[in-house]
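The values are calculated or read from the model by the stated rules, or taken from the named source; none is laboratory data. Keep in mind that what you see is a predicted model, and the values were worked out from it rather than measured. Here the Cβ positions follow ideal geometry from the backbone for every residue, glycine too, while neighbour counts run over all protein chains shown.
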Amino acid sequence: MKETVSLKVALLPGDGIGPEVTEEAVRILKNVAEHSGKSFSFSTHPIGGVAIDSEGTGLPEATLEAALNADAVLLGAVGHPKFDGRLTSERPEAALLALRQALGGFANLRPAICYPPLAKRTAFQPERVKGATVLIVRELLGGLYFGEPRGFEASGHTAFNTLIYSRHEVERVAKVAFERARERKKKLASIDKANVLETSRLWRAVVSEVAKNYPDVAVEHVYIDTAAMRLATAPASFDVMLCDNLFGDILSDQAASIAGSLGLLPSATIGGKVDLYEPVHGSAPDIAGKGLANPIGAIASAAMLLRFSAKMEQEAAEIDHAIEEALAGGARTRDIAGPGERALSTREMGQAIEEALHDVRDRKHSYHGV
């Protein structure tokens with residue numbers, strides 16, 4: 001009899017396309033539970049713009065309590081243009097920052113993979129992007145996004161933010177990045193702007209110190225502008241990229257060019273009380289409710305949830321393979337469909353990946369004689 005593992009997941013679908021893509025991720029998680037003998041429970045809670053509309057705050061106490069009491073949190077997306085005129089603290093994005101801070105996850109893992117069937121759908125010549133698989137490790141609780149003081153002067157004509165990092169903040173995220181690099185190609189690029197910023201000089205010094213404990217990992221220090229250029233011209237030259245909060249946010253979106261669409265990118269935020277998983281894309285309110293969203297980023301985030309929170313590496317790998325197989329079989333949503341290719345709806349793409357997941361399992365059982 002298979003060992004039963006109970007996993008309590010708090011679902012925060014959020015705004016725009018968040019509910020649509022989250023639904024497909026949950027479909028896959030339920031499929032995994034059914035076929036693995038595990039027990040997963042799900043509870044759904046509001047966050048972001050929908051929470052502001054219904055409860056007057058982007059992060060209701062009940063939502064935060066549910067997240068803190070869960071084994072993992074799966075989030076969709078937050079944000080809507082109708083809140084753009086509000087103070088920063090009153091916008092949906094503030095709820096996400098507050099959630100991250102409360103959960104305590106300081107390391108954000110954002111992989112970007114060039115799937116072979118989509119190589120021609122990227123901005124690159126296929127030979128330049130072939131084999132590219134980049135993992136961006138982004139520091140998530142420091143830097144410009146959380147530094148104080150911040151705000152506007154009384155006149156309203158001047159605004160200010162504070163970029164601040166401590167040795168401890170850099171050291172702990174660097175260790176995560178080196179551990180991931182050790183499991184991959186043993187290559188790490190630390191991204192900074194040490195020729196201009198004091199915080200980057202500290203960043204570079206601390207990363208260099210941490211590197212001494214990982215002699216098997218080759219380390220290079222790369223200025224952010226050079227890193228952006230290399231990511232745009234030679235993405236396969238990178239493996240693990242260690243970034244501060246701002247640089248990691250920017251470069252991880254740029255890395256979507258490797259995959260072919262922002263809708264393909266997942267993320268995991270680890271290191272705190274409860275780990276948080278979410279696709280990298282935004283809420284895309286212009287296509288919300290139309291079945292046009294790509295759920296792969298959310299489904300791949302669910303695979304990361306199984307890998308890190310449930311310690312179900314085999315099942316996580318099966319989902320990763322199912323995504324590849326669905327794409328190899330021609331499954332495309334509008335954002336990755338080429339001329340003449342049929343574009344699947346959000347739900348149809350989820351179904352295609354679920355069917356591919358069955359095929360992955362069947363072949364594995366056949367191979368092992370089960």
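One line per residue, one yes/no per condition, for (1) outside any helix (DSSP H, G or I); (2) buried (at least 20 other Cβ atoms within 10 Å of the Cβ):
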{"residue": "Val134", "(1), (2)": "yes, yes"}
{"residue": "Leu144", "(1), (2)": "no, no"}
{"residue": "Thr162", "(1), (2)": "yes, no"}
{"residue": "Glu169", "(1), (2)": "no, yes"}
{"residue": "Ala174", "(1), (2)": "no, yes"}
{"residue": "Arg182", "(1), (2)": "no, no"}
{"residue": "Val207", "(1), (2)": "no, yes"}
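Residues in the range 1-32 that are surrounded by fewer than 18 Cβ atoms within 10 Å (Cβ to Cβ) and either under 18 Å from Leu99 (Cβ atoms) or small (Gly, Ala, Ser) (or both): 2 in all.
Yes/no per residue for (1) out of contact with any His (no Cβ under 7 Å at 6 or more places or on another chain); (2) among the hydrophobic types (A, V, I, L, M, F, W, C); (3) modelled with pLDDT of 95 or more:
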site: Ser257; (1), (2), (3): yes, no, no
site: Asp286; (1), (2), (3): yes, no, yes
site: Lys290; (1), (2), (3): yes, no, yes
site: Asn294; (1), (2), (3): yes, no, yes
site: Gly297; (1), (2), (3): no, no, yes
site: Leu306; (1), (2), (3): yes, yes, yes
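Do you know which residues across the range 318-334 are part of a loop (DSSP other than H, G, I, E, B) and either of a type in the set (Ser, Thr, Tyr) or crowded, with 20+ Cβ neighbours inside 10 Å (or both)? Listed by number, the residues that qualify are Ala331, Arg332.
Does Arg100 satisfy the condition of being assigned by TED's automatic domain parsing to the domain that holds Gly272 and closer than 30 Å to Phe238 by Cα? In short, yes. Meeting the requirement of 3 or more residues that are in contact (Cβ under 8 Å) with a residue 40 or more places away in the chain, aliphatic (A, V, I, L, M) and outside the structural domain of Arg363 (by TED's automatic domain parsing), the strands (runs of 3 or more DSSP E) wholly within the range 224-317 are 240-243. Gly289 meets the conditions (1) under 30 Å from Glu65 (Cβ atoms); (2) under 19 Å from the mean Cα position of the chain (by Cα) in every case but one. The failed one is (2).
If you check Pro117, Pro111, Pro149 for being modelled with pLDDT of 95 or more, surrounded by 13 or more Cβ atoms within 10 Å (Cβ to Cβ) and of a type outside the set (A, V, I, L, M, F, W, C), only one passes: Pro111. Of all residue pairs spaced 6 or more apart or on separate chains, none has beta-carbon atoms under 6 Å together with a first member in the range 192-212 that is at pLDDT below 95 and a second member that is of a type in the set (A, V, I, L, M, F, W, C) and outside any helix (DSSP H, G or I).
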